[in-house]
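Quick notes on the structure that follows.
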Amino acid sequence: MTKVRRINRRHFLVGAGGVTLAIPFLSSLEEKKAFAGAPPYAQNPRFVCMATPHGGVWNQHMWPDEATAAQARQVYPGHQMHWGELAPATSGGTTSLSACLSAPSTSLTASLISKMNVIRGLDYSFYLGHHRGGILGDVGNNNDEAPRFERVPTIDQVMAWSPSFYPDIANIKLRSMHVSRGYDGLSSTYANPVDKTGPVNQIPAVESALLLFQQIFVPPPEAEENPRPLIVDKVHEHYRRLHAGQFGDAKRLSSKDKQLLEAHMERLYELDRKLNVTASCGDVQPPTDDAHIWDPVDSIQSAAQWFQIYNDVIVAAFMCGTSRIAVIGASDELWKAAPFAGDWHQQIAHVGGGGVPINDPDGAANRPAWQDILVGTQREFFANVFLDLCNKLEQVEESDGITFLDNSLVMWSQESGNRTHDNVSTPVITAGSAAGFFNTGRYLDFRNRQNTLFGSSAEPASDSYRPGVLYNQWLANALRANNVQPEEFERNDKRGYGEYEVFDLWSGVDPYQLWPDHLRDGASDLLPELVKGV
Amino acid sequence: MRLFSRAGLLAALLASGCQGSIGDPLDGPATGPDDPSNPLTFECTPGADPSATDIKRLTTRQYENTLRDLLAALPEADREAIMASLDAPLGLVPADVRDKDRDYVQMDESVSQSHVDGYYAVGRTFGAGVTETSARLGAFVGACAVDADIGNDAACVDAFIERFGALAMRRPLTADEVAFFRDEIYAVEGPLDPRGVVDVVTALLMSPQFSFHIENGSAPVEGREDLYQLTGYEIAARLSYHFWQTMPDAQLMEAAANGALETEEGFASELARVFEDPRTQLAVDDFYRQWLKLDDLPNMLEASGLPDYQAFAGDDLPGPDFRANMAADAQNLLRYYTWATDGGFDEVFLSNLSFATTPDLAAIYGVPVWSGEGEPPALPEGQRAGLLTRVALVANNKKTTRPIMKGAFIRKRLLCDPLELPENMNNMSSNLEVDSELSTRQRVEALTEQSGAACSSCHAQLNPLGYTTESYDGLGRYRTAEKLYDAQGNLLAEVPVDTSAVPEILSGDEQPVADALELSELLVDSGKAHACFARHYFRFTTGRREDFAADGCVLEELRRGIVEGGSLREMLVQIAARPEFRLRKQGA
């Protein structure tokens, strides 16, 4: 693939549906200092999280050949991890790391694979069921009838409101971008993220790609005679006077009411800040079409086009320098190759995903075929959305030999592991080194293969069903890769990010033997062989 | 048919509401709480405080309706053009969330950056719209804004700020506020500047006083500092936003201004007027739609291209409107018993009439299409009774039914029973070999109800309720046997359906039912659905979950009205007639 050289000072991204984004090279980026790696990595990485529901891709379909991870390394006492270089196989124009991680060789190139990681053995240490927030650390955002977990901000929002991630927000128009089709609510934050107060709520996805573009785009300034000052601060002043009782109002607010209104008004400062952003997007042109031109999304092609328009906007935002975070959720059902007459959730996601009783004769007979359908949906998402964005970021060189992808951490995860509702080995696929922070091109298997406590009745031994490290540690590593350090993200004197109290839902197996205390104690530590120099 | 005079009803409601001393449970088959967390009756403690009222954000529906009403001064074509221009900025305002914690969008308390960004974009676009032409400016701000006399512009702006400010804030602005908006925001000396008008409009539409329901009240209840009467303007807003989902009209504002809303007579008069306004029916539709989750009905075209589904559906293969039609069918039933007949809650569950106004649904029911007026046609004898048997509540987009999900809906939504997460979810597996030619019920029984299976305890609460409607297939057609097809659409077998069950509506009740018709009767007799319905309407009205202690009087009055066979209309209006409707308890 030919990269766009910065000497051209201009880059055209040809996206979905004929959308063309003319994106200039931003000279300001040349001045950035290296962070984790040698110069000229960008000082501050970008973060993208993609997520698909269900998961349930069986081990043999999800992961590379186990022999790939032939090298061993102790990660905790009595706990060795294994790793090795990713070894793709190519046949008939398709390159594969596994059945699920397969795509046309033109997309899944050797170069791109060298910048990816496949990470296995990241576990939630409790039954989680269906959830939206767990992938980014808010496990309380799940389908429980009775809350079991405190709601906490997701890591993208920890970054979005962190001065470590955004040390200079003068050019940031949108702290984070949120795109969803069928898998909403992946991100959450406080009602008042500045003060970290108020209830933790889901962040809504943007309604259209054009709206998203308008939110990250800074049009050339228009000359206006006697321009009027912005009035946002005046709105705040009016509220302040109301609050102070100057207008005879607001004297009977409860603390909860005040908190809600303060949270709302605090957002005015952010709006005011964004309205004053003067960064230039140069020649970037708005997309000519919105993603909704592909509605109804009823085929893989239309789903791909829908998401690829958003990918274009995300790349534009990164190149404009007006946002550095994106979160994308996509229903797995969008990616089915053919209509399915049965019950998708029950049959494909649960029986095909292998998380519920399989003794139903229909289920038993159809389970492999339904698993194939499920694998196919995740594979199509991987090929059409994950790789699409990675390749677009890889096309643009940010500094000598360093692409936008190099300076990013793009991750894709699924709701569950090997079986739908399974909290063990939730897949994490990454691309980009987070500005030189991560090693790449590796299959990293953090399972403790010696820990055979999982009963064979729960899963055949051949599935190599073994506990690994805590998913919380992955979240901590993602945060640290993005310059947010433990003292900023650890909560309630717990290491790692988010909730990991063990809830004894694994009948017959002591969860503290599956996930010993040293995993919790080390949950903020950098993961060996993933992080450079560790 | 009208069973009561409107004035008489309101007088009675207001009288009973003011007593605040309802405490005796009605006699009935359910004599006590089934579960403390899900009582059959509510205890009213005379004189008890209402629970605290938190500030709420306008729902997106309320927000959009209010924007439209704020344009009332403009000709219709201009209103429509401006509303069309608001489509894009309104896209920035997040949709209200309804989820497991929030039964109704009115309960969504979230605030986000998108809200504020959206409100700003809406304000700018709205302002640009009303000042785009001289004609619009003149209509919106006043003729003085566009006449040749620039000497009147300052007064013109003041008058506009007072008038539009009162509409946006839903109360008159103070003199200080008028001065603030004139001097600090409009800030123009000399001829009227439309850009200043845009700024004033934007600032007012961004004010939390516009986008939130903020109530400061008037006089405290004697001896209390945290409990006070609402002002007339606040009462006007409660009435209009509850029954119309929009801002008060001019008559309500006038009744607020002249103090009428703070008198019993004046309030009753306005309540009657507001309730009889056609907009109330739209708001009640909104309640019913959210109560039955009609927005969540499945895409009925999902499987329509597949041979097995086509074989299953036959001539009833759903078209693109089927989903909307089945939602409308359920809505029609509720509308009929609410507005056309002054019907009661029980009739909703026992009716043998068809409300299908489209050929596809009428064919499913086997009846003529109903015109929407007059007496609806009767359903075939012995096949259906009331809401539980309507297509919207039994159909899905599969060739099979989903008894578990149907049962869960009745258990949770119609009976308000909580469902706890079962333990050992990961280890749930069945070792039973089952035959391939089983009915859906038999299959579900085999997989979830084995003796000692971890999943059986939970499914015992769900499955029997769902089994009773197994006499309706995945399209809602009545059947006595279930047809089993292979993937190619070949008929494999026809197996009888079994709709008998012990639904255990009340905990420990072992009374069996033969089918959904008997279930409906049992449900009506139990009183449990009545109490649950009262709780749901309370949530829709107040935007919060009920507190049994503090809200017991309101809930019990609602429940008694339903149980005693009062009309749904009566129940819908009586919540506003309660004294609590005009009070605000300040939270801590």
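The values are calculated or read from the model by the stated rules, or taken from the named source; none is laboratory data. On a predicted model such as this, the values are computed, not experimentally measured, just so you know. Backbone-built Cβ (ideal geometry, glycine too); neighbour counts: all protein chains shown. Just the protein is used for accessible areas: all its heavy atoms, side chains included, with ligands, DNA and RNA removed. Shrake-Rupley method; radii C 1.70, N 1.55, O 1.52, S 1.80 Å.
What does the structure give for A:136-145 when I average, per residue, the other chain Cβ atoms found within 10 Å of the residue Cβ?
Across the residues of A:136-145, the mean count of other-chain Cβ atoms within 10 Å is 2.
Given contacts defined as C-alpha pairs under 8 Å and at least six residues apart, what's the relative contact order of segment B:56-213, whole-number percent? Spell out each step's value before the answer.
Numbers: 175 pairs, mean separation 41.5, N = 158.
Contact order relative to length: 26 percent.
Under the Karplus relation 6.51 cos²θ - 1.76 cosθ + 1.60, θ = phi - 60°, what is the ordered set of whole-Hz ³J(HN,Hα) values for segment A:140-150, x standing for Gly and Pro?
Each residue's phi maps through the Karplus curve to give x, 8, 9, 8, 4, 5, 10, x, 10, 10, 5 Hz.
How much of the accessible area of the protein assembly as shown, probe 1.4 Å, is carbon plus sulfur, in whole percent?
Here it works out to 50 percent.
What nm value, rounded to one decimal, do you get for the distance between A:ALA110 and B:ASP183 when each label is placed 7 Å out toward the C-beta?
Output for this residue pair reads 7.6 nm.
Sort B:THR357, B:THR231 by heavy-atom solvent-accessible area, probe 1.4 angstrom, most to least.
Listed by decreasing accessible area, they come as B:THR357, B:THR231.
Provide the convex hull volume over Cα atoms per residue for chain A, in Å³.
164 Å³
Taking all protein chains together and a probe of 1.4 Å, list A:PHE404, A:PHE437 from the most accessible to the least accessible.
Descending accessible area places them as A:PHE437, A:PHE404.
Quick query: amide H of B:ALA493 versus all other amide H atoms, modeled in the peptide plane; which residues come in under 5 Å with a sequence gap of 5 or more or a different chain?
Close amide H contacts, sequence-distant or interchain: B:LEU484.
Are there any residues in segment A:360-379 with a reduction of at least 20 Å² in accessible surface when going from the isolated chain to the assembly of protein chains? Probe 1.4 Å, please list them by number.
A:ASP360, A:PRO361, A:ASP362
Hey, what's the per residue convex hull volume over the C-alpha atoms of segment A:148-232, in cubic angstrom?
On the way: hull volume 11.9 nm³, N = 85.
Value for segment A:148-232: 140 Å³ per residue.
Could you work out how far the C-alpha centroid of segment B:244-292 sits from that of segment A:236-309, in angstrom?
Rounded to whole Å, the Cα centres lie 31 Å apart.
If R0 is 35 Å, what FRET efficiency do you get for A:ASP521 and B:GLN442 from their C-beta distance, rounded to 0.05?
Numbers: r = 51 Å, r/R0 = 1.47.
Efficiency at R0 = 35 Å is approximately 0.10.
Nearest 10 degrees, 0 to 90: what angle lies between the long axis of helix A:255-275 and the longest principal axis of chain A (Cα atoms)?
70 degrees
Pairing the Cα long axis of helix A:471-481 with the longest principal axis of chain A, what angle in degrees results, from 0 to 90 and rounded to the nearest 10?
40 degrees
Evaluate 2.2 N^0.38 Å with N set to the residue count of the protein assembly as shown, then give the Cα radius of gyration divided by it.
Relative to the rule-of-thumb radius for its length, the protein assembly as shown sits at 0.97.
A:VAL531's amide H: which non-local residues (gap 5+, or another chain) put their own amide H closer than 5 Å, with H modeled 1.01 Å from N in plane and none for Pro or chain starts?
A:ASN439
What is the packing order of peptides B:86-99, A:331-344, taking the mean over residues of other C-beta atoms within 10 Å and listing the highest first? Before the final figure, lay out the partial values.
Values: B:86-99: 18.4, A:331-344: 20.0.
Peptide ranking by packing, descending: A:331-344, B:86-99.
Leaving out ligands, DNA and RNA but keeping every protein chain, what accessible area does B:GLU494 have, in Å² rounded to the nearest 10, with a 1.4 Å probe?
Roughly 110 Å² of B:GLU494 is accessible to a 1.4 Å probe.
Accessible area per residue, 1.4 Å probe, Å², for the protein assembly as shown: what's the number?
36 Å²
At a probe of 1.4 Å, how much accessible area disappears from chains B and A on forming the pair, both sides counted, to the nearest 100 Å²?
6500 Å²
Shielding of A:257-270 by partners, i.e. mean partner chain Cβ atoms within 10 Å per residue?
Values: counts 10, 2, 1, 9, 6, 1, 4, 11, 3, 3, 9, 6, 1, 3.
Mean shielding by partner chains, rounded to a whole number: 5.
Just the C-alpha atoms of segment B:56-213: what Rg/Rh do they give, with Rh taken as the Kirkwood radius? Mind dumping the intermediate values first?
Working: Rg = 16.3 Å, Rh = 16.2 Å.
Value, to two decimals: 1.00.
Based on the Cβ-Cβ distance of A:TYR76 and A:GLU490, what FRET efficiency does E = 1/(1 + (r/R0)^6) give at R0 = 25 Å, to the nearest 0.05?
So the FRET efficiency works out to roughly 0.85.
As a check on your grasp of the helix formula, calculate [θ] at 222 nm for the protein assembly as shown: sum -39500 (n - 2.57) over DSSP H runs of n ≥ 4, divide by the residue count, round to the nearest 500.
Result for the protein assembly as shown, helices only: -10500 deg cm²/dmol.
Taking Cα centroids, how far is segment A:170-234 from segment B:319-361 in Å?
42 Å
Keeping all protein chains in place and using 1.4 angstrom, which order do A:LYS392, B:LYS483, B:LYS100 fall into by accessible surface area, from largest down?
I get B:LYS483, B:LYS100, A:LYS392, largest accessible area first.
Could you pull the accessible area for A:HIS54 with a 1.4 Å probe, rounded to 10 Å²?
So the heavy atoms of A:HIS54 present about 20 Å² to solvent.
Hey, what's the Cα Rg ratio for segment B:125-201 versus the globular rule of thumb, 2.2 N^0.38 Å?
Taking the Cα Rg and dividing by 2.2 N^0.38 Å, one obtains 1.00.
Which whole-number percent gives the relative contact order of chain B, counting Cα pairs below 8 Å spaced six or more residues apart?
Working: 931 pairs, mean separation 114.3, N = 588.
Relative contact order here is 19 percent.
Cα convex hull of chain B: mean projected area in nm², to one decimal?
30.2 nm²
With each pseudo-label sitting 7 Å past Cα toward Cβ, what's the B:GLU521-B:ASP101 distance in nm, one decimal?
4.4 nm
Quickly work out the B:ALA481-to-A:SER299 label distance, labels modelled 7 Å from Cα along the C-beta direction, and quote it in nm with one decimal.
Using points 7 Å along Cα→Cβ, the separation is 4.1 nm.
Take the cross-link list A:LYS173/A:LYS392; A:LYS234/B:LYS100; A:LYS336/A:LYS532; A:LYS196/B:LYS100; A:LYS258/B:LYS100; A:LYS196/A:LYS274 and give me the ones stretching past 28 Å between alpha-carbons.
Beyond 28 Å between Cα atoms: A:LYS234/B:LYS100; A:LYS336/A:LYS532.
As a test question: what accessible area, to the nearest 10 Å², does B:ARG535 have when a 1.4 Å probe is rolled over all protein chains in place?
B:ARG535 exposes around 20 Å² with every protein chain in place.
Could you grab the Rg to Rh ratio for segment B:440-588? Cα atoms only, Kirkwood for Rh.
1.12
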